[in-house]
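**Student:** Here it is: the structure, laid out below.
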Amino acid sequence: MSISRKRLNSEESRSAALEAARLLLLDQGPQAVTLKAVAAKVGRTHANLLHHFGSAAGLQAELARTIADRVTGSIAEAVARARAGEAEAREVVDGTFDAFDREGAGALAAWMIISGNRDALNPILESIRVLVAQLSVGHEDHHVGETTLWLVLAALGDSLLGASIADALSLDRDTARQLAADRLRLQLDSDHPRD
């Protein structure tokens, strides 16, 4: 009995591979995001994925780009709502922390750095640059870059060590998020006073 595979166009094949890579990242960690594992998960060949991504590093870079673009888009929307008084700072913080924790961007970034694949971080860094540029329009004097820096570093650190440090200090797992939300609310209130 032969197994027939559904014929996918190039974009569908790439999308399926990236979704499989994301699931492997979340389920098993960044070391599991290999061409062989992704190919097995989507029922494609190793050569097919090489054709689309060039290498495991290429796949990881594209995965980073996909995660970063999706997350920065939702963060931009949350910031716009917070500036308009329609959302709380906590929504912005949760979106940022979730990107690094639940979406796997923190583990992926750490893996790329440790494995020497720093170039694969470029999509994440570019998405952050684009986000800051977008959020700065009309708000040039509001320290958007500095706020983004501390928020991203806090989210990255929390994704890697937050649970262990909170446990060691007998603090709620949510403490880092709450501290970040409090700081961001102060920044937003300072930059956008309500009458």
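The numbers here are math on the coordinates, done by the rules we state, and not lab data. As the structure is a computational prediction, the values presented were derived from the model and not from experiment. When we count neighbours, we look across all protein chains shown, and the Cβ atoms used for this are built from the backbone with ideal geometry, even at glycine.
**Student:** Sorted from largest down, what three extents in whole angstroms do the Cα atoms of the range 42-195 have along their principal axes?
**Tutor:** 61, 41, 27
**Student:** Once the Cα atoms of helix 175-191 and of the chain are each reduced to a long axis, what angle between those two axes, in degrees from 0 to 90 to the nearest 10, is obtained?
**Tutor:** 60 degrees
**Student:** Hey, another quick one. Using a 7 Å offset from the Cα along the Cα-to-Cβ direction at both residue 172 and residue 186, what is the distance between the two label points in nm, to one decimal?
**Tutor:** About 1.8 nm separates the two model spin labels.
**Student:** For a label point 7 Å from the Cα of residue 122 along Cα→C-beta, name the residues of the range 64-90 whose backbone N is under 15 Å from it.
**Tutor:** Inside the label zone: 64-66.
**Student:** Need one number: nm distance between label points at residue 114 and residue 133, each 7 Å from Cα along Cα→Cβ, rounded to one decimal.
**Tutor:** Simple spin-label model gives 3.3 nm for this pair.
**Student:** Taking Cα centroids, how far is the range 62-80 from the range 124-186 in Å?
**Tutor:** That distance is 14 Å.
**Student:** Here's another thing I want to ask about it. Under unit Cβ charges (Lys, Arg +1; Asp, Glu -1), what dipole magnitude, rounded to 20 debye, does the range 57-191 have relative to its Cα centre? Before the final figure, lay out the partial values.
**Tutor:** Details: 12 positive and 22 negative charges, 52 e Å.
Value, rounded to 20: 240 debye.
**Student:** Still on this structure, please answer the following. What's the Cα-based Rg to Rh of the range 8-54, Rh via Kirkwood? If you can, show how the numbers build up before the last one.
**Tutor:** Details: Rg = 9.7 Å, Rh = 10.3 Å.
Ratio of gyration radius to Kirkwood radius for the range 8-54: 0.94.
**Student:** Relative contact order for the chain: what percent, with Cα pairs under 8 Å and sequence separation of 6 or more? Before the final figure, lay out each step's value.
**Tutor:** Values: 186 pairs, mean separation 42.3, N = 195.
Across the chain, relative contact order equals 22 percent.
**Student:** Related question: Expressed as a whole percent, how much of the Cα-Cα distance distribution for the range 138-195 exceeds 18 Å? Please report the intermediate quantities before stating the final value.
**Tutor:** Details: 700 of 1653 pairs.
So the portion of pairs separated by more than 18 Å is 42 percent.
**Student:** Do the sum for the chain: with -39,500 (n - 2.57) for every DSSP H run of n ≥ 4, divided by all residues, what is the mean residue ellipticity at 222 nm, to the nearest 500 deg cm²/dmol?
**Tutor:** Values: 10 runs with 137 residues, N = 195.
Calculated from helices alone, the mean residue ellipticity at 222 nm is -22500 deg cm²/dmol.
**Student:** Right, here's the next one. Treating only the Cα positions of the range 62-105 as identical point scatterers, give the base-10 log of I(q)/I(0) from the Debye formula at each q in 0.25, 0.26, 0.31 Å⁻¹.
**Tutor:** With one equal scatterer per Cα and no solvent, log10 I(q)/I(0) is -0.79, -0.83, -1.01.
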